[in-house]
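Throughout, read-outs are computed from the coordinates displayed, never taken from laboratory work. What you see is a predicted model; the values in this text were computed from it and never measured. Reconstructed Cβ throughout: ideal geometry from the backbone, glycine too, with neighbour counts over all protein chains shown.
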Amino acid sequence: MKQSMSFIPTLREVPADADVKSHQLLLRAGFIRQNASGVYTYLPLGRKVLQKVEAIIRDEMNHAGAAELFMPALQQAELWQESGRWYSYGPELMRLKDRNDREFALGATHEEVITSLVRDEVKSYKRLPLTLYQIQTKYRDEKRPRFGLLRGREFIMKDAYSFHASQESLDEVYERIFQAYSNVFRRCGLNFRAVIADSGAMGGKDTHEFMVLSDIGEDTIAYSDTSDFAANIEMAPVTAVYEKSSDPAKELEKVRTEGKKTIEEVSSFLNVEEKDCIKSLLFKIDDRFVLVLVRGDHEVNDIKLKNYYGAATVELADTITTKEILGCSVGSLGPIGVDGVEVLADLAVEAIVNGVCGANEEDYHYTNVNPDRDLKVSTYTDLRFIKEGDPSPDGQGTIVFAKGIEVGHVFKLGTRYSESMNAEILDENGRSKPMIMGCYGIGVSRTMAAVAEQFNDENGLVWPTNISPFDVHLIAVNTKDNAQAELAEALYSSLQQAGMEILLDDRQERPGVKFADADLIGLPIRVTIGKKASEGIVEVKIRKNGEMQEIHKDDLADTLK
Ligand code: ATP
Ligand code: MG
Ligand code: MG
Ligand code: MG
């Protein structure tokens, strides 16, 4: 591509409203422009990076046995009503009406559409497993769109869905896609960790997030410095301890933000035996965590829940170890889901304030609770249950904390959608049963921004070779000089013939401008054609380390390969 014919509007100044590196640099280097809050145009260079990321994803997904399709972004409300998410998804789902007043959603995700498709077409276990994926624009009316492409309201996602006749088949495909995701992020050059995510709902093996390590990440992950153990600490119980007071509302607030109590104090306040604290609530007590069991009435969206409760069973002992706590949160949050920990804590605090403490009771679960989406919950000061420096739960190494950007998420859905939407197959014995499903997402545009976040220096972006928009930035210092212009044209075509993608800066700009733009754009290799053009000598500069070397034009293609 010749730069004079492309559209790469670079900026010298740092845009005022861009507060993270990737956002600033993608704007400054002319990769993207903002259109509305959380809505972006991908300019030619940005588009090229996306295409490279997408090509890697397609390669890995196809290799994993998934078939590509393309589903509508415009989705009828009826499907979302069938799954129930029309009511539970909350304001993040963009809703609209057509001219006849029929309701629609703009796809935030595609479980409903794909489940209805497969339900109508697949009737026998013989056709399974089936894994389908698409790369498509998603819409989510995020409360806080920010950090440029990292949290948009319109963004590009690769989403995949798998359908199975047995749990073993799901496990197998999950493993394969997990591997494909690891390959994708490795090929994009990213420093990432696959972490156990939201493990409460169905056990730690059943959902993982792929986290790019970065200080601006919105998630905190705990990982072992020597083994593969890594977990998102959002699964952690809560830190807050009640202090008795005559003003419950004020105390509620206090509980949510601070406070420390000993076990004795809590149990005496609750007027229960210390051992029964297990049945009442739990928070952080000094450095120990105890669990919560609460019940009360609660309203979720328009649904009134009676005797709502949730529980996890941690021993209230002096010797709770990180490992035990992890194990319990994995195993016992069960129906409420791990996100429900915050809900639980909220309810627990309320229950305590109102003097209600309850026992376990069956069939009153509200499943798949998602705070913020389903319930308003308060923020707690410290959601950690595992501390830096703790021994890793797998017994290997020490826990380190890091911030992460979630670029991918794999999830064993089970029969959540197939049951509510009647997606059934006949098994070997001719019996009807719901399909078992998995879903798998990669934030394509977020991945591009995450790479920009990890690969930059004070002069601009530094693209990893695999997803750089071009391989080589070819620059003629003075395009009016015949020898330079001719050599530039000759190398432009010969390097392309040798299989490289070339960006030729053929603009009539000062050399300083061209070099600054080249650094900003960040292609891995810069080839400069200057005064020695008549001798056939060019200068090669490696973007990531600044190394320079003079090379004869005839040796160039071989050197660059
Ligand atoms: P987050 O926790 O960041 O809100 P999520 O858990 O809601 O993300 P998923 O529903 O798991 O996201 O979607 C799959 C992938 O889509 C995510 O792993 C992420 O890479 C990407 N993604 C989600 N929301 C956004 C967004 N607002 N902008 C860009 N990418 C997003
Ligand atoms: Mg989200
Ligand atoms: Mg998430
Ligand atoms: Mg997620």
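Here are the numbers:
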{"item": "Sorted peptide list for 476-484, 14-22, criterion being average Cβ within 10 angstrom, highest first", "result": "476-484, 14-22"}
{"item": "About the Cα centre, charge dipole magnitude for the stretch 89-219 (Lys/Arg +1, Asp/Glu -1 at Cβ), debye", "result": "380"}
{"item": "Rounded to whole Hz, the Karplus (6.51, -1.76, 1.60) HN-Hα couplings of the stretch 467-476, x for glycine and proline", "result": "10, 5, x, 9, 7, 9, 9, 9, 10, 8"}
{"item": "Asp219 long-range amide H proximity, modeled H, under 5 Å", "result": "Gly404, Glu406"}
{"item": "Phi-based couplings in Hz for the stretch 112-118 (Karplus 6.51, -1.76, 1.60; Gly and Pro marked x)", "result": "5, 5, 6, 5, 5, 5, 5"}
{"item": "Modelled label reach - Ser166, point 7 Å along Cα→Cβ, the stretch 120-138 residues with backbone N closer than 16 Å", "result": "125-130"}
{"item": "16 Å reach of a label modelled at Leu11, 7 Å along Cα-to-Cβ, counting backbone N of the stretch 126-150", "result": "146-150"}
{"item": "Which listed pairs, of Lys480/Lys531; Lys126/Lys158; Lys143/Lys403; Lys480/Lys553; Lys97/Lys158, have C-alpha distances above 24 Å, in listed order", "result": "Lys126/Lys158; Lys97/Lys158"}
{"item": "Volume in Å³ per residue [convex hull over Cα atoms, computed for the stretch 17-67]", "result": "102"}
{"item": "Sorted by Cβ neighbour density within 10 Å, fewest at the top, the residues Arg85, Arg507", "result": "Arg507, Arg85"}
{"item": "Exposure proxy ranking, count of Cβ atoms within 10 Å, fewest first, for Ile196, Ile551, Ile475", "result": "Ile551, Ile196, Ile475"}
{"item": "Amide H within-cut-off set for Ile525, under 5 Å, with H built and near neighbours excluded", "result": "His473, Arg543"}
{"item": "Rounded to whole Hz, the Karplus (6.51, -1.76, 1.60) HN-Hα couplings of the stretch 532-538, x for glycine and proline", "result": "8, 4, 5, 8, x, 9, 10"}
